[in-house]
Amino acid sequence: MSPDELVYLGVLAASIPVGFLFRYLSPPVKQGAALLLGLSITIATCHIHTLHSLVTVIGTWIIIKSSWRHAPALSLGWTFLYLLFFRLVTKFGLPSPTPFANAVQLLLTLKMVSLANEVQSFHVEKKKDVSSFAKSPVVGGLSQEPSIYDILSYSYCYVGIMTGPFFRFQTYIDWVRQPSPLALPGLTPCLQRLKLVPVYGALFLAVNSVFPLAYVRTEDFLDQNVFYRMFYMVAIFFVFRMRFYSAWCGAEAGCISAGLGCYPEKALSKPGGGPTVDYSPDPTTEEKYDFKTIQNIDCYNTDFCVKVRHGMRYWNMTVQWWLHHYIYPNAPFKAYTLRAGWTMFISAYWHGLHPGYYLSFLTIPLCIAAESAMEASVRAKLGPRGQNIFDWVHWFLKMRAYDYMCMGFVLLNAPDTINYWMSIYFIVHVIAVCCILVGGARK
């Protein structure tokens, strides 16, 4: 493991026991302590580059105070343009940010855009209340506009500050103001989330030592037979999954220990978004709670769901919620595949400027179009047994598609990605195009 990975591991490991201590704090103390701890972590790991995140927060606050009506669009433009500056700072003679500063900036971008949308919704519903003399039925809406202190506290809350998951401002406020945090479930769901982390970590270290990514860039790798080169992407994506399964399960455990994102099951919470229906305590029954609001990964369904489009739902789930609510609805296209392409382009930009991100993310719409064509023209005409066989083949190809796209995500630059894809004859692109052609011919 690299020194940076050890720092991430240390922050994750420390956040779990610290979270249980936060349950003993009163709301004002909890808010201040979470801010102080998060800011301390940021300064300790990002140093002078902490100013990038601070400028982003102050800029968003100014936008919200100046024009709440246009705050969602303006905040999206502001934070994404600042991301561009952040990634090109060396062109302006400024020092290159640390990887930790990049992680903080990425999550902060999501938070600021979400915050602007929440504030706009608050003002819209407030105007409705005044005009109709009745409270509007909004689930999870703000009760007041946040102060600059509230915004700073949310931005630098120590929970998930570098690793996620993303959570809305309302989720944060609900956490701060929990009436009886010690009565909420904690240890059992925390251990439940952590139980497979040692397995994921061990598999990551073991397989990564046998199949190092650097080998793909060597001439010796290209001398291997094509089946070995194809298998290598399977191993690389396995390492990639084990790494993030470990990190995100650990990050969720940090949220669980603190009680962040804990809502009654009847609230029907969504990852990232929180409750979707109104809920109120029932004193006559024992309340059951869950932490779906901060669930960022569904390891089983990531591996075993059948479709490419479904695979995205179970991976980085809180960020997928953010993309689905703030990017996908505003895409400048109507067709599903084009809207998905636009969303993937924005996702690639959010991740960084490396061409590998764009080559990978923009392959997803092609795969979605391919599976849609085959489902409509082939699967729909099969019987139950045929559909079952189709689904198994579909699952196998889905996994190979993600193996293939992962190579662009980890190789980063265009020459290395294209050289690898060329070494296996662009097999996923070829299969996807063939499926689209076959699907069109059988209509």
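The values are calculated or read from the model by the stated rules, or taken from the named source; none is laboratory data. It should be emphasised that the depicted structure is a prediction, and the values quoted were computed from it without experimental measurement. When we count neighbours, we look across all protein chains shown, and the Cβ atoms used for this are built from the backbone with ideal geometry, even at glycine. Just so you know, the surface numbers come from the protein's heavy atoms only, side chains and all, with ligands and any DNA or RNA stripped out. Shrake-Rupley method; radii C 1.70, N 1.55, O 1.52, S 1.80 Å.
Some notes on this structure:
- Largest accessible area first, the listed residues 409, 22, 231 line up as 231, 409, 22 when surface is computed with a 1.4 Å probe on the assembled protein chains.
- Take the Cα of residue 220, step 7 Å toward its Cβ, do the same at residue 128, and the gap between the two points is 6.4 nm.
- With the simple model of a label 7 Å out from the Cα in the direction of the Cβ, residue 413 to residue 396 spans 3.6 nm.
- Cα centroid separation, segment 229-292 to segment 380-443 (Å): 29 Å
- Under the simplified labelling scheme, the residue 69-residue 143 pair shows an inter-label distance of 2.9 nm, with each label point 7 Å from Cα along Cα→Cβ.
- Highest average packing first - 414-421, 85-92, Cβ atoms within 10 Å: 414-421, 85-92
- Across segment 371-443, Cα-Cα pairs farther apart than 18 Å form 48% of the total.
- Other-chain or far-sequence residues with amide H under 5 Å of residue 290's (modelled H): 263, 265
- Accessible surface ranking for 252, 286, 5, 219, 1.4 angstrom probe, highest first: 286, 219, 5, 252.
- All C-alpha pair distances within the chain, sorted into 10 Å bins from zero, spread as 4, 19, 29, 26, 15, 6, 1, 0 percent across the bins.
- Heavy atoms of residue 342 accessible to a 1.4 Å probe, total area in Å² rounded to 10: 90 Å²
- Per-residue ellipticity at 222 nm, computed for the chain from helices alone with -39500 (n - 2.57) per DSSP H run of at least four residues, works out to -21500 deg cm²/dmol.
- For residue 206, the shell of other residues with beta-carbons less than 15 Å away shows a net charge of +2, using +1 for Lys and Arg and -1 for Asp and Glu.
- Legend: distances between Cα atoms for 30/292; 111/270; 126/270; 111/334; 307/398; pairs beyond 18 Å are 30/292; 126/270; 111/334.
- Computed magnitude of the charge dipole of the chain (debye, nearest 20; Cβ of K, R +1, Cβ of D, E -1): 940 debye
- Whole-Å semi-axes of segment 3-177's equivalent ellipsoid (Cα gyration tensor): 29, 22, 11
- Rounded to the nearest 10 Å², the accessible area of residue 423 at probe 1.4 Å: 10 Å²
- Between residue 379 and residue 196, the contour length at 0.36 nm per residue exceeds the alpha carbon distance by 62.3 nm.
- Ligands, DNA and RNA aside, residue 434 has an accessible area near 70 Å² when probed at 1.4 Å.
- Amide H within-cut-off set for residue 270, under 5 Å, with H built and near neighbours excluded: 276
- Plainly put, segment 298-442 has a radius of gyration that is 0.97 times its Kirkwood radius, both from alpha-carbon atoms, as the Rg/Rh ratio.
- Taking trypsin sites (Lys or Arg not before Pro) across segment 255-346, the ones in a DSSP loop with at most 13 further Cβ atoms lying within 10 angstrom of their Cβ are 288, 334.
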